[in-house]
Amino acid sequence: MSFAFHPMLTWYSTRIGHFIGEIMNYYSDNKEWIWLFKNAIDWDKVMPLYYPKFPTEDEMKNPEEVKNFLEEMLTATGEWCAESVAGRAEEMDRIGAGTIENGRTIPSQALSAFYQEAKELEAFGANAPKEYGGLELPMSSGMIFMAQLSKACISSCMQISFYGSIIDMLDRFASKELKDKYIPEIIAGNVSGSMCLTEPDCGSDLGSINASASPQTDGTYLINGTKIFITNGGGGLGLVLARIDGAPEGLKGISMFLVDQSEKEAERGRPNFMVTKNEDKLGLHGTFTTEVLYEDSIAHLIGEPNTGFTQMLHLMNEARIATAMQSFGGLEASIEYAKQYASERKAFGKPISELPLMKRNLEDYQTEVDAIRALLVDTSSHYDIYQKLHLKKCHSGDLNAEEKELYEYAWMWTRKRTPLVKFYATEAFTHLSTKAIQVLGGYGYMKDYPVEKLHRDSFGPLLYEGTSQIQSLMAMKDLIKYAMKDPGSFITNVFSKHPGLGLISGSNEWDKEYKSVHYRFKKKLIGLLFNNLKPEGNKLFDAKEWANVDEERVSSLMIHAEGLCAALSYMETLRVLCEHADKDESRSDLFYRYKR
């Protein structure tokens, strides 16, 4: 199908005249999203990976035409989310995702209506491969779409995300037979999936998984075990982590399997796996969070045996960045509603938004919203490059020298940022949705207003895909490895930039400001490492001394992990805002506001 005739654009064109001035558009009505789309995504690197030559097979003549099309798509999805998806968010929260009947999930009327619209608009295949009927659009635009959906209804975003993520995992790691069979069905909206990791006695410690997989003579496996807290567990497909009989203990013995709930259902007289419970949650009522029971469930191995954890790491990177985008959508909705309310609510003869303390608070909240948005788009750009080149490695097994360099660079930023954005965005959502409730006062506590729902929903992203504590430990672990690998360079690099040496320079004032702040941060960081790891004074530059630090000293450092993760998040955000100001001087205002 030509891009020009995509159902989403047709839908939008028939409604644009009717909705102008009546319903907000989550993309075109927000100048921050527009600037970031045009300037924060590294199109010079992203575009050739998706469109290696022009004109494209879809008759796009140049990169600008592609970007214009992507903006039209985001404008269309911005309208759909603001109109239809947001319009049923309250109902989704009130009546829930649906019911369980005979081991299957039955979507509610509201969730079914959402799925039907997404199916008609062909939203499931936006980032899917063209060879299977998808549009294969850049992941960067897909991440922005996730923020739009979450701003309207986080539950809806969670449910739809298990179409694209399952497609991506199958495309990377599954056999051609499984890809040919299932990817077109997922794109068509006929089936979706779930990621089945957590067990009753196994949460973050995946190495203790007990689900077993027994090989059969026909090449399939029979899985036995229970998975809990599985989002969209009744979608039809499950990517399940289990241990093949006789496999090594721990992470090295985990394999990944595809389980189709309908496989041989007629012969067995029951579904291939049973959904046994839908959790009653604090928030995210519009999502299925299920317990899934596997009893001799027929399964197909994905990739090689005992490589399941490595495969899952790829999904975790995407899922954690996507969760940050989900949180941001809710965060943006919370603060926008609070600002709107404050501008209309009067006290002491004026809108409360004009009262000095409230005015300052609202400005601070908006600054953090705008800064986090910038960090997330920049991170999505790096991830987009990494995942596209990783996909090429999975398909062809090799990259040329230029691609390898780009791949390693994009992976470095993806690895560094993933725990930070997940930590920062989810923590900020819970914190600032609390502030939004306080702006409304007593009304914020009432279900007549949306901010209490947003606050309840905020705790889901805070917990799934790794808690803030897990993200903090990941960030700390990476930092210690970096410092221990070459302590001499790590230390010298900091103190060679002491302000007193006159070496902090930049092309502009905000660049100098950033480098000064960064120096002070690194100096404090080295102090923290020294005080806890306590390497011998005459061996500060000896990598062997750092490598032999005992577990007790490392543990003493770990208690600071959350504070350090927060600090790293703030520094990365300031770095991004500085780079944006270098591109456009008008962005320096946000840099200075965030720095303060």
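Some notes on this structure:
- Within segment 223-270, tally of residues that are open to solvent by 10 Å² or more (accessible area, probe 1.4 Å), at negative phi and in contact (Cβ under 8 Å) with a residue 12 or more places away in the chain: 18
- Among the candidates Asp398, Asp364, the residue that is free of Cβ contacts under 8 Å to residues at least 12 places away in the same chain and either in a helix (DSSP H, G or I) or of a type in the set (Val, Ile, Thr) (or both) is uniquely Asp364.
- Test: residue in segment 308-317 that is aromatic (Phe, Trp, Tyr), modelled with pLDDT under 95 and surrounded by fewer than 21 Cβ atoms within 10 Å (Cβ to Cβ): yes
- Enumeration of residues in segment 437-458 that are open to solvent by 70 Å² or more (accessible area, probe 1.4 Å) and of a type in the set (A, V, I, L, M, F, W, C): Met446
- Residue check, Ser334 touching a His at 6+ places or on another chain (Cβ under 8 Å), in contact (Cβ under 8 Å) with a residue 40 or more places away in the chain, on the phi < 0 side of the Ramachandran plot and part of a helix (DSSP H, G or I): yes
- Those residues of segment 91-120 which are basic (Lys, Arg) and not in a strand (DSSP E or B), in sequence order: Arg94, Lys119
- Verdict on Lys281 being in a strand (DSSP E or B) and among the basic types (Lys, Arg): no
- Of residues in segment 491-530 being of a type in the set (A, V, I, L, M) and at pLDDT below 65, the one surrounded by the fewest Cβ atoms within 10 Å (Cβ to Cβ): Leu501
- Filtered by the rule that a residue be touching a residue at least 12 places away in the same chain (Cβ under 8 Å), more than 16 Å from Leu258 (Cβ to Cβ) and out of contact with any Leu (no Cβ under 6 Å at 6 or more places or on another chain), segment 303-319 gives Asn306, Met316, Asn317, Glu318, Ala319.
- Residues that are closer than 19 Å to Trp43 by Cα, hydrophobic (A, V, I, L, M, F, W, C) and touching a helix residue (DSSP H, G or I) at 6+ places or on another chain (Cβ under 8 Å), drawn from segment 401-444: Leu406, Ala410, Trp411, Trp413
- Selection over segment 144-199 of residues that are touching a helix residue (DSSP H, G or I) at 6+ places or on another chain (Cβ under 9 Å) and assigned to a strand (DSSP E or B) gives a count of 5.
- Test: residue in segment 115-132 that is crowded, with 17+ Cβ neighbours inside 10 Å and closer than 24 Å to Arg456 by Cα: yes
The values are calculated or read from the model by the stated rules, or taken from the named source; none is laboratory data. Predicted model, so just to flag it, every value in this text is computed and none were measured. Cβ coordinates were reconstructed from backbone atoms using ideal geometry, including for glycine residues, and neighbour counts include every protein chain displayed. SASA here: full protein model, heavy atoms, side chains in, ligands and nucleic acids out. Shrake-Rupley method; radii C 1.70, N 1.55, O 1.52, S 1.80 Å.
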